[in-house]
Every structure is written in C-alpha cells, then in structure tokens.
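Taking it in order: structure first as structure tokens, then the write-up.
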Amino acid sequence: MPNDDLFKKVIAHAKEYGFIFQSSEVYDGLSAVYDYGQNGAELKNNIKDYWWKSMVQYHENIVGIDAAIFMHPAVWKASGHVDAFNDPLIDNKDSKKRYRADVLVEDHCAKIEGKIEKEVKKAAKRFGDKFDEKQFITTNPRVVGYNEKIGEIKDSLYKAMDNEDLPAIKQLIEDLEIVCPISGTRNWTDVRQFNLMFATQLGSTAEGASTIYLRPETAQGIFVNYLNVQKTSRMKLPFGIAQIGKAFRNEIVARQFIFRMREFEQMEMQFFVRPGTEKEWFEYWKEERMKWHFNMGIPGDQYRLYEHEKLAHYANAAFDVEFNFPIGFKELEGIHSRTNFDLSAHQEHSGRKIQYFDPETKESYVPFVVETSIGLDRTFLAVLSYAYQEEKLEDGSERTVMRIPPFLAPIKVAVFPLVNKDGLPDKSKEIMDTLKYDFMCHYEEKDSIGKRYRRHDAIGTPYCITVDHQTLEDNTVTIRERDSMKQDRVAIDQIPEVVKEKLRMPR
Ligand code: ATP
C-alpha cells in the first residue's frame, strides 16, 4: 500500500542531510532531474561498486565496458526506438495535467487489486489459522469477479497497445469512467503517441548537422560492441558484458522523485548464450539477481516478482523485480530473455556479420541474450526508503535513524573528540589518519556528543568513535554501533578488526 507520509519524509530527509537535491534549485528546479549531494554521491557509488563487483569481478565470464552516451543515429533505428519508443499520453482539459494513458488504466486495475487485498485481509481475520488464501482467491465469488474484471481490462489495454490503437485506449478510459485525480473530471483529450527520446544536433553547421539522440538505455552500447569485446577478450559463449551509465527519457509523467527521472542511471548486463539455452540462463539470472537483492539485508517481503503477461515483440520471457517503495510495489529491475532480436537487427542495418563461431558445434550463429537491467536511482530509493526509521528510545526521546546496509553507508566511521581541548582533537585526527585509507571517515568536534550521534544516525553511519581523556592514558576509545546504540571500549589498534566484519561487502 502506498505510504505518502513516509514518501514525503524520505524526500525531505534526503534534502536535509545532503543525499538528494532538486537540480538547479536556485532557479526553482528542473522537473524530474535531481542532483546527488555529498552523502548521496557516496551511497550511489557504493551501490554501483556492489553491483560491479558482484557482476564483473565475481563472474569470470563477465566483463565491463563504458560506452559513449552519443551513438550513431542508425543504432536507434535498428533497435526500434525511433519508431516505437513511445508512450500514449492524454491530457485532462480541466486540470491541464498530462498522464500516461496506459498508466491511468493500470492504476484503475491497482485499485481493484486493493479491493481484493481488503477482502483477503477480512477473510483471514474471520477464518484465523484455518484460512487458505489460495482457495479463497480462486473460489470467493466477489474476488473471482474482481480478478476477471482485471483480466478483461488488461487484455483490452494490451491489445490496443500492441495495435497502437489510440482511440481504443481512450475508449477504455471512458468506459471505465476514470477521472483525473486532480480535477476529478472525465474531460479528456484524445490519446497521442509521444516519443521518449531526447534529440539534439551533432555538428557545427546547420547544413552539416545530423540529429542524434541521448541514449534512452545503456543496452545498445553493449550490443554494438559485442563483436569488439568478444574478439579482444576472446570470450567463449556463454559470456556477459556489463555497463553502468546514464540514460535519458523524456518521461510524460515524472512526479515521483527519483523513481521516474528524465536523466537517470542504469546498471545493465547482457549475457550472450547459445540459442536454445536461453530459458536455462534466464532461470539462472533470476536466481542470481534475487540473491544480490537479498544479500543487501533488506527482507524478502519487500520484494515481489512479476512475470510479464504481455511480452515485448522481441522477448520470449520477462520478469520484473518489484520493490515495496513508499509509492507501492513498483518495478526496480527487469530480467528479460531478448532472443537474438538486437544483434540480428544491428547485423541487418549495419550490413556487418555479427555472429559467433561455436567451436563445439562448428556452427556460426547470432547469440541469444538474457539481460538484467536495474535502475541505479531506483535502487538508491529502495535503500533509502527502507532504511528510514523514526524510533522512540527508552529515555523517551526520539531519533531518526537510517538503517542503510553498513557496507553501503556513505560514511563508515565518524571520529569525535569528547571535548574540543586537552589534546583530544589531535588524538582524534591521528586516529582518522590511520583509518581513512581503508574506510570513508568523518571527523566532527561541534556540539554535544549526543547531537553528533544523532547527526550520524540520520545519515546512517554504522560506527561512531569517541576519543576521551582515558584514550590519552591507555589508547582505548569507545565505539558506538548505530542500530543497537551499544558502546564498547576497544584498543585503537583493534578498531579496523572490530568494524571490518560488518562493513564487508556480501558475496
Ligand atoms: P517503467 O515501466 O517503470 O517505465 P521500464 O520498463 O520502461 O520502466 P526498462 O526500460 O526495463 O524500464 O529499464 C530498466 C530499468 O531502468 C527499470 O527497471 C528501472 O529501474 C530503470 N528506469 C527506467 N526508466 C527510469 C526512469 N525514468 N527513472 C529512473 N529509473 C528508470
């Protein structure tokens, strides 16, 4: 269920503590574009590092590349983006708000799903331990009716989308009596197609300039480099190419903070396999990717897996990893079996042979591809919104703590002198100097120790070290752990050992 209150708090917290700022805020901001602040940039880099290490370093058969954002315009013709990377848009004439027509219909379905959820909860309460949810869903007439209705609506929507039948989408919105959430009216314009790619001009003179696009996905940079990488790395199938980079989409509706941005980052991996083995690899990557998510320490009930009913024309299986964002369960990652669609299209459009000679079968073929595609910013939002907690403490006070998985935390260790005199700042800086080459550290001497703890709770620092007068006598400090708030006295030379274990990246 969406939690607007939590969402507002997370957004405000992200700004107040230097995680995320609206782009160009001094000029009142640029819609759906965001900047990462001092703590946000660290957290984002740590997520990237976790993904890169898990995919590239820990898999001997995956290599990473960094392709340019600008690509030859023919790439986007071949990939289908010029002709088909469209969303159907619709405006409400009263509120003047613009919507994605398919999302209006899907939100309507989500409301019916909400009704099903309510029925299930009511019945679970009524039947107690004897409740069989599966049986209830398949036999309760009201729930069966709701599910049939959702099925009918989605069938009509997907059919209309496949046929690019825009009047049929409009008709569906009218038949379902969908109203604008702002004006509450049904005064809609016609549905129009809108291409999501940003175009710009390459070249200095108007005559010589050609239209190029900011890439709407990173995947094509991998496909067009398939031959280069395969040849220079001498990789044998199956092998993967991974990439992290910016992508740009002129999203119609972008009012969901960093969930839907116009400039964002993707972490994608294309895994090239022998045709006929793609289903096996699809299953393998489903499992691998879920392990990656669960290893972060976020509980499994925050994730939901969604098998696509409507497949893109090039895909033979597709599956979304959805996360329980404050705006509800929404797509975080896509795992797709893309057949040989992209490589074949580039082979055809470029006139180059893009094939693999299989030394085992002695055949040449265009490899099939299983891709994993995750949004870096959406992963950031997942971590941030899950981590945000307001806690009542035993002494009656409150704290806001970001329970960010320790290995991802922006600052790993904060070092405080208890007081700002008696040589404690010098001793603290000495300790900083021994730790800072291995851990991201932060030194603070302003305000009371309590306030400094709260500040670091709010950015998710797993360990705070306090240097006091005893330190000068016996070279020990107190280490305070973020989640338990437990404080232990340890010798300075033991600090790396004590903190290392919890900060280690999962494997
Ligand atoms: P959606 O249905 O939410 O628009 P999509 O299916 O178009 O997403 P893909 O093209 O599969 O998304 O892109 C792969 C991943 O990139 C998504 O799972 C998501 O995490 C991320 N992503 C896509 N569009 C955006 C965006 N506008 N802002 C932030 N992340 C995005």
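The values are calculated or read from the model by the stated rules, or taken from the named source; none is laboratory data. As the structure is a computational prediction, the values presented were derived from the model and not from experiment. Glycine gets a Cβ as well: all are built from the backbone with ideal geometry, and neighbour counts include every protein chain shown. Note: areas computed on protein heavy atoms with side chains; ligands, DNA, RNA excluded. Shrake-Rupley method; radii C 1.70, N 1.55, O 1.52, S 1.80 Å.
Brief remarks follow.
- Scanning region 332-368 for residues that are within 14 Å of the ligand (Cβ to nearest atom) and either of a type in the set (Ser, Thr, Tyr) or closer than 20 Å to Gly64 by Cβ (or both) yields a total of 7.
- Scanning region 356-414 for residues that are among the polar types (S, T, N, Q) and more than 30 Å from Arg480 (Cβ to Cβ) turns up Thr361, Ser364, Thr372, Ser373.
- Failed condition for Ile298, given (1) over 23 Å from Ala67 (Cα atoms); (2) away from the ligand (no atom under 11 Å from the Cβ); (3) part of a loop (DSSP other than H, G, I, E, B); (4) touching an Asp or Glu at 6+ places or on another chain (Cβ under 9 Å): (4)
- Cβ-Cβ distances below 7 Å connect the following pairs, each with a first residue in region 246-257 that is within 10 Å of Arg215 (Cβ to Cβ), a second residue that is part of a loop (DSSP other than H, G, I, E, B) and more than 10 Å from the ligand (Cβ to nearest atom), and a separation of six or more residues or different chains: Lys246/Ile69; Ala247/Arg215; Phe248/Phe198; Phe248/Arg215.
- Positions within region 31-65 being within 16 Å of the ligand (Cβ to nearest atom) and either farther than 30 Å from Ile222 by Cα or of a type in the set (Phe, Trp, Tyr) (or both), in sequence order: Tyr34, Tyr36, Tyr50, Trp51
- Residue count for region 281-299, restricted to those that are out of contact with any Ser or Thr (no Cβ under 9 Å at 6 or more places or on another chain), surrounded by fewer than 17 Cβ atoms within 10 Å (Cβ to Cβ) and under 19 Å from Leu503 (Cβ atoms): 2.
- Annotation: of all residues in region 258-285 being of a type in the set (D, E, K, R) and away from the ligand (no atom under 16 Å from the Cβ), the one that is nearest to the chain's Cα centre (by Cα) is Glu283.
- Screening Ile495, Ile449, Ile479 for residues that are open to solvent by 20 Å² or more (accessible area, probe 1.4 Å), over 30 Å from Met290 (Cα atoms), aliphatic (A, V, I, L, M) and not assigned by TED's automatic domain parsing to the domain that holds Ala387 leaves exactly one candidate, Ile449.
- Entry remark, region 318-361: residues being in a strand (DSSP E or B) and open to solvent by less than 50 Å² (accessible area, probe 1.4 Å) number 17 in total.
- Index of the failed condition, Pro410 passing every other in (1) open to solvent by less than 10 Å² (accessible area, probe 1.4 Å); (2) within 16 Å of the ligand (Cβ to nearest atom): (2)
- Apart from one condition, Glu309 fits all of (1) at pLDDT below 95; (2) open to solvent by less than 10 Å² (accessible area, probe 1.4 Å); the exception is (2).
- Scanning region 385-394 finds one or more residues that are within 16 Å of the ligand (Cβ to nearest atom) and open to solvent by 50 Å² or more (accessible area, probe 1.4 Å).
- Flag set for Arg249, criterion: buried (at least 20 other Cβ atoms within 10 Å of the Cβ), within 14 Å of the ligand (Cβ to nearest atom) and closer than 30 Å to Ala101 by Cβ.
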